[in-house]
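Scroll down for the structure; my scribbles are underneath it.
Derivation of every value follows stated rules applied to the coordinates shown; laboratory data play no part. Computed from a prediction, not measured in an experiment: that's the story for all the values here. Using ideal geometry, Cβ is built from the backbone for each residue, glycine included, and neighbour counts are taken over all protein chains shown.
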């Protein structure tokens, strides 16, 4: 319990390695950096379907936070693909985003 209390007062939260990795993917999506996304995928030796899932999850995090790339045809098409596939993480991101807008 003491460790959790210390983390509340830490300047930067301590992230797990998995969260740090996801943070890189989210930043690349937010910045519309496809070169970095492909670099991250190659660094992790991802197959095409695994790359899609990583990019999709990162996009969903951006969408939930309202910081997704906008007015960019590739990302609009990507979002539509997630909608058409009924991608579970996108459904959750949409709910989170809607709930946050309702609170404002």
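Name the residues in segment 78-104 that are loosely packed, with under 10 Cβ neighbours inside 10 Å and outside any loop (DSSP other than H, G, I, E, B), would you?
Looking only at segment 78-104, we keep the residues that are loosely packed, with under 10 Cβ neighbours inside 10 Å, and these are 84, 86, 101-104.
84, 101, 102, 103 - these are the residues of segment 78-104 that are loosely packed, with under 10 Cβ neighbours inside 10 Å and outside any loop (DSSP other than H, G, I, E, B).
So, of the residues in segment 23-36 that are within 21 Å of residue 88 (Cα to Cα) and touching a helix residue (DSSP H, G or I) at 6+ places or on another chain (Cβ under 7 Å), which turns out to be surrounded by the most Cβ atoms within 10 Å (Cβ to Cβ)?
Restricting to residues being within 21 Å of residue 88 (Cα to Cα) and touching a helix residue (DSSP H, G or I) at 6+ places or on another chain (Cβ under 7 Å), the top hit is 29.
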